[in-house]
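Read-outs: derived from the displayed coordinates by stated rules, not from any lab. Please read all numbers here as calculations on a predicted model, not as lab measurements. Cβ atoms come from the backbone with ideal geometry, glycine included; neighbour counts cover every protein chain shown.
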Amino acid sequence: VNDFVVRAMTACSTGNYDEFRRLWSAQRDPLPLDEFEQGWQVVKFARVRALQKVILGQTGKTEENATEEAYVLLTDLSLDPEHPAGQEKSKREAALLIVRERGQWCLTKAQKQVRDWVKEHFAAETGSPVP
C-alpha cells in the first residue's frame, strides 16, 4: 500500500493525468481532466497525514464476501493563495479510499461518512483537529 501511495502522490504532484486515471477505480469516474489540472496548479504542497486501514461493508454481496479491506488516505493540502481557488481557504484536506480491484490497489472517492470518520478518528488519536 505504501508503494501505491507514493505512486499516486507522484502522479498527482507531477500533473500526470494519464497515470492518475490508471490508478483510479474502474467502477467510478475519476476527476475530469480540467478539475485535475486546476487542482494540480493550485496545490503548492501535499502531505500524507494519515493512512488508516478500514473495513467497508458491502451491500448485495454474499455473506463470506460481506466486507472489503480498504485504506483511507488523508492528506493536508496547502494551496497557492494567489490562485482564485486558494484565496478563500489556503489549507484544506482531502480524503480518498484505496481499495482492491482485480487484485490491484486503486483510488476512489471516500464517502462522506468515511471522510468524517477518519477526520474524527485522526483528531482523537493526535489531539489535534484536522484543518
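For Val43, the shell of other residues with beta-carbons less than 10 Å away shows a net charge of +1, using +1 for Lys and Arg and -1 for Asp and Glu. For every other residue with a beta carbon closer than 14 angstrom to the beta carbon of Pro32, add +1 if it is Lys or Arg and -1 if Asp or Glu, then tell me the sum. That works out to -2. Electrostatic tally near Gln111: other residues with Cβ closer than 14 Å to its Cβ, Lys and Arg +1, Asp and Glu -1, net +3.
Projected label points at Leu31 and Val48, each 7 Å from Cα along the beta carbon direction, are separated by 1.8 nanometres. Here the 3J(HN,Hα) profile of region 74-89, calculated from phi with Karplus coefficients 6.51, -1.76 and 1.60 at θ = phi - 60°, is 10, 10, 8, 10, 9, 9, 5, x, 7, 7, x, 6, x, 6, 6, 8 Hz, Gly and Pro shown as x. Taking H placed 1.01 Å from N in the peptide plane, check which residues at least 5 places from Ala110 or on another chain put their amide H under 5 Å from its amide H. Counting only residues 5 or more places away or on other chains, the set is Leu97.
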